[in-house]
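Accompanying notes for the structure given below.
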Amino acid sequence: MWALLSELAASPVTEWRAGTDFAWWSTHSGLRVRARHTLHPEPQGVCRVCLELRMPGAPGSRVALFAGAITKRYLALKAACLAAYAQLDAAGVKAGAADPREDLP
């Protein structure tokens, strides 16, 4: 299951709006997955990031049943990584690009 989710997550970006959001769609073995990252400017110059993952249809329901917990864990880890990079950027520290999947067991 993890290999399938990893392959889907490596899909190229299919929608891009500079400075606001990007998304990707992927299909594998009948499972369709859509992920979107959206930026929402907030007061005091901060920005809120929303991570959205959708798996429509019956295959998505089955995957959510078996992989829902690990998917939520991955999204929480990704959100924590984004927050850490934002704090480093605000402090003027240049951070290298890292693959957040490397931190998962």
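Points worth noting:
- Computed over the Cα atoms of the stretch 2-94, pair by distinct pair, the Kirkwood hydrodynamic radius stands at 14.7 angstrom.
- Other residues lying with their Cβ under 11 Å from the Cβ of PRO56 contribute a combined charge of +3, Lys and Arg counting +1, Asp and Glu -1.
- Around the Cα centre of the stretch 32-85, unit charges on the Cβ atoms of Lys, Arg, Asp and Glu (plus for the first two, minus for the last two) sum to a dipole of about 260 debye.
- The stretch 49-97: trypsin sites (Lys or Arg not before Pro) in DSSP coil with no more than 13 other Cβ atoms inside 10 Å: LYS94
Values quoted throughout were computed directly from the atomic coordinates according to the rules given, and no laboratory measurement underlies them. This structure is a prediction, so every number in the text was calculated from the model and none was measured. Every residue, glycine among them, receives a Cβ derived from its backbone with ideal geometry; neighbour counts consider all protein chains shown.
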